[in-house]
């Protein structure tokens with residue numbers, strides 16, 4: 001398996017010769033690997049290599065178009081501000097044919113630079129960590145405030161449509177396929193009483209009060225890269 005992965009990784013425009021690939025992280029959707037390459041001067045460089053779960057992300061090519069567009073926009077603004085583009089944003093590595101992802105035997109793969117000197121955490125140590133992760137989100141939104149979100153593909157239709165999500169919720173409650181509704185009636189009633197809240201976002205968008213903007217929409221703490229030395233949040237991934 002490792003030989004096959006090394007072969008696939010070699011199809012990307014990475015520096016050096018791939019010499020090692022190991023499972024990486026605790027993600028449960030995509031298959032993630034850390035790749036180490038050997039450079040001509042003997043030094044090592046690392047990359048992140050992923051197999052995209054195309055049973056969930058059914059349009060991986062459009063997904064990568066979105067990611068490439070957003071990350072390049074962020075990269076340009078960080079560079080213009082004199083920031084560290086190796087640490088403060090994701091850098092997508094293209095294939096040798098110039099594509100954002102590789103298709104092999106029905107699977108889709110992508111590659112990023114490995115962000116050195118920072119890591120994600122599964123557990124928050126205190127309020128300060130929450131505060132810093134909030135800063136990272138705010139900076140992400142600021143960097144994308146002038147990006148036209150209408151150019152992005154909707155790769156999972158209605159995934160963030162709260163009205164449609166509520167309809168799905170009602171359908172599951174009615175069917176109660178596992179017989180659990182009786183044990184959580186209080187929680188169900190809580191959401192039923194707030195059905196009108198699910199209509200607010202669509203109404204504001206429809207009448208022009210809420211502008212269309214790029215958002216991350218998976219801003220859990222373990223998607224924030226924390227600097228190993230300063231403990232500052234450096235990148236939202």
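Here are a few things to note about the model shown:
- Within the stretch 59-70, not a single residue is in a loop (DSSP other than H, G, I, E, B) and modelled with pLDDT under 95.
- Filtered residue count, the stretch 125-155, keeping only those that are in a loop (DSSP other than H, G, I, E, B) and either within 16 Å of the chain's Cα centre (by Cα) or surrounded by 13 or more Cβ atoms within 10 Å (Cβ to Cβ) (or both): 6
- Condition broken by residue 236, with the remaining ones in (1) loosely packed, with under 14 Cβ neighbours inside 10 Å; (2) under 22 Å from residue 150 (Cα atoms) satisfied: (1)
The values are calculated or read from the model by the stated rules, or taken from the named source; none is laboratory data. These figures come from a predicted structure and were not determined experimentally. Cβ atoms come from the backbone with ideal geometry, glycine included; neighbour counts cover every protein chain shown.
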